[in-house]
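Asker: Sending over a structure as structure tokens; questions will come in a sec.
The values are calculated or read from the model by the stated rules, or taken from the named source; none is laboratory data. Source: prediction; values computed, not measured. Positions of Cβ are backbone-derived with ideal geometry, glycine not excepted, and every protein chain shown enters the neighbour counts. Areas reflect the complete protein model, heavy atoms only, side chains present, ligands, DNA and RNA absent. Shrake-Rupley method; radii C 1.70, N 1.55, O 1.52, S 1.80 Å.
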Amino acid sequence: MLQGELLSEIIEAVSNTFGNEFLDRLTEKLCNVINADSVFIALFDKSKYESKTISLCLHGKIVENIEYSLEGTPCANVYEATICYYPNQVQKLFPNDHLLVDMNIEGYIGSPLYNSKKENIGLIVGLYEKEITDKDQILTLFQIFSGRIAAELERLDYERKLERYNEELEVLVKQRTNELERTLQELKERQNQLIESEKLASLGLLSAGIAHEINNPLNFITGGYYGLLDVVESTDVPKEKFNLYMDAIREGVERTTKIVKGLNQYTRSGDSYDEKIDIEEMLENCLVILSHSLRDKISVKKEFGVGPVFIQGNSGKIHQVFLNLITNAIQSMENHGGELTVSANIEGDSVFIKIKDTGIGIQKEHLSQIETPFFTTKEPGMGVGLGLSIAYKMIKEHKGSIVAHSEWGKGSTFVIQFPKWSRDTL
């Protein structure tokens, strides 16, 4: 067959093909046209002084690619940018080339592949089990298609790099998007915490003013109480009914005093975490402040250990934590009533505070989200979901932890743990 016809036959076979399909079709067609036993296209790995086939045709069929060292092979000469042609006895010339021996190769012909930068990047090789007789025609075909092969290899390399860059870009964009989302979420959280803190600060100022104003008439009432007591005791006025009224006055004054004391505790401000806090006293203060919410529907059970329980921290913030948790417990029972249990005890070097209710509880799918900012199961207008989030943060600021247990329809228990106060911590 004339060279022009051979060329047309190959071009027709590889037309409209790209990438690996083009390379496989070309090696397969060349192997058939030049009557070779094997044709392969390989790339050089200069760092390892190796070659790796990217298309290998053996006896007319495409087979799995291989890697081999260039040491002691005729391909090493092609690596040096020369055309290699050994029409026969190539095994004797390269006895250490096991590939030639295993394939029983007699003739070898190879041509280098140059990229657009005139760099030798690989080779195209024809292997024969018999002597090669048509060198010029084979080399002409190799040289005609070497440029197309090199161009396709460069295109594949650019395509792989582009895919890798796109993947890296997608990962980077995803990372940046996640970072921006986290930053936005943190910003929203901090903004709303600031609003909540401002509300609490305003409430604190209001409560402090109310406590101050209540204290003045309380002092008058207390003074009048003891004055009347002295007057009555020095006269013959019947004391039975009088004592009943006086006891009622005293009870009202004592209860109001406790409420004022609780308000003062709640409105304490400052950044100090060095206060010695009496947990039992603080819980009692919270119950006094919230006593109006208990009414007759909710009973309170107190379980305090023997002796005082102290922790170190910021009394205003700890008071806010307890108020929040007890308020939530009361709200969970406000429709049907129930029992609120408040306990505090020392175990080893830790203080454990438990706030338990028999309310509606928290559904299982919501339990893991209760410390997430803005998450709430309350109806619109009843809360924005920041209370527990802020409480969790305040507990962590005191090197504490909180664990929630709940069963839907049966109630919830919050267990808070703080390091126990000791003189060494001050």
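Asker: Would you point out which residue out of ILE132, ILE105, ILE109 is in contact with a strand residue (DSSP E or B) (Cβ under 6 Å, 6 or more places away or on another chain), without any contact (Cβ under 8 Å) to a residue 60 or more places away in the chain and assigned to a loop (DSSP other than H, G, I, E, B)?
Answerer: Exactly one of ILE132, ILE105, ILE109 is in contact with a strand residue (DSSP E or B) (Cβ under 6 Å, 6 or more places away or on another chain), without any contact (Cβ under 8 Å) to a residue 60 or more places away in the chain and assigned to a loop (DSSP other than H, G, I, E, B), namely ILE132.
Asker: Let me ask something else. In this structure, does GLY361 turn out to be on the phi > 0 side of the Ramachandran plot, surrounded by fewer than 19 Cβ atoms within 10 Å (Cβ to Cβ), at pLDDT below 90 and not in a strand (DSSP E or B)?
Answerer: No.
Asker: Within region 140-154, identify whether any single residue is over 20 Å from THR82 (Cα atoms) and either open to solvent by 70 Å² or more (accessible area, probe 1.4 Å) or at pLDDT 90 or above (or both), and answer yes or no.
Answerer: No, region 140-154 has no match at all.
Asker: Check ILE311 against each of (1) open to solvent by 50 Å² or more (accessible area, probe 1.4 Å); (2) in a strand (DSSP E or B) and name the one condition it does not meet.
Answerer: With respect to (1) open to solvent by 50 Å² or more (accessible area, probe 1.4 Å); (2) in a strand (DSSP E or B), ILE311 is out only on (1).
Asker: While we're here: Scanning for something part of a helix (DSSP H, G or I), within 19 Å of SER38 (Cβ to Cβ) and open to solvent by 100 Å² or more (accessible area, probe 1.4 Å), does region 165-177 turn up at least one residue?
Answerer: Scanning region 165-177, I find no residue that is part of a helix (DSSP H, G or I), within 19 Å of SER38 (Cβ to Cβ) and open to solvent by 100 Å² or more (accessible area, probe 1.4 Å), so the answer is no.
Asker: In addition: Restricting to region 87-101, count the residues that are buried (at least 16 other Cβ atoms within 10 Å of the Cβ) and among the charged types (D, E, K, R).
Answerer: Of the residues in region 87-101, 1 are buried (at least 16 other Cβ atoms within 10 Å of the Cβ) and among the charged types (D, E, K, R).
Asker: Would it be correct to say that LEU340 is buried (at least 19 other Cβ atoms within 10 Å of the Cβ), hydrophobic (A, V, I, L, M, F, W, C) and modelled with pLDDT under 90?
Answerer: Taking the combined requirement at face value, the residue does not satisfy it.
Asker: Among the hydrophobic types (A, V, I, L, M, F, W, C) and farther than 13 Å from GLY110 by Cβ: does that describe VAL63?
Answerer: So VAL63 fits the description; yes.
Asker: Oh, and also: Assuming ILE121 fulfils every condition listed in (1) in a helix (DSSP H, G or I); (2) more than 15 Å from THR27 (Cβ to Cβ); (3) open to solvent by less than 50 Å² (accessible area, probe 1.4 Å) apart from one, which condition is it?
Answerer: Single failed check for ILE121: (1).
Asker: Against the condition crowded, with 20+ Cβ neighbours inside 10 Å, within 55 Å of the chain's Cα centre (by Cα), in the same structural domain as GLU159 (by the TED database) and closer than 24 Å to ASP136 by Cβ, how does CYS84 come out, does it pass?
Answerer: Considered against the rule, which asks whether it is crowded, with 20+ Cβ neighbours inside 10 Å, within 55 Å of the chain's Cα centre (by Cα), in the same structural domain as GLU159 (by the TED database) and closer than 24 Å to ASP136 by Cβ, CYS84 comes out as no.
Asker: Restricting to region 64-80, and then to whatever is within 50 Å of the chain's Cα centre (by Cα) and either acidic (Asp, Glu) or not assigned by the TED database to the domain that holds GLU28 (or both), can you tell me which residue is surrounded by the fewest Cβ atoms within 10 Å (Cβ to Cβ)?
Answerer: Among those that are within 50 Å of the chain's Cα centre (by Cα) and either acidic (Asp, Glu) or not assigned by the TED database to the domain that holds GLU28 (or both), it is GLU64.
Asker: In this structure, does LYS356 turn out to be open to solvent by 40 Å² or more (accessible area, probe 1.4 Å), out of contact with any His (no Cβ under 6 Å at 6 or more places or on another chain) and outside any strand (DSSP E or B)?
Answerer: Judged against the criteria, LYS356 is not a match.
Asker: A further question follows. Output the number of residues of region 149-184 satisfying the condition of being free of Cβ contacts under 8 Å to residues at least 60 places away in the same chain and within 30 Å of ILE109 (Cα to Cα).
Answerer: 5
Asker: Listed residues LEU26, LEU43; which is crowded, with 22+ Cβ neighbours inside 10 Å and farther than 14 Å from LEU127 by Cα?
Answerer: Within the list LEU26, LEU43, the selection yields LEU26.
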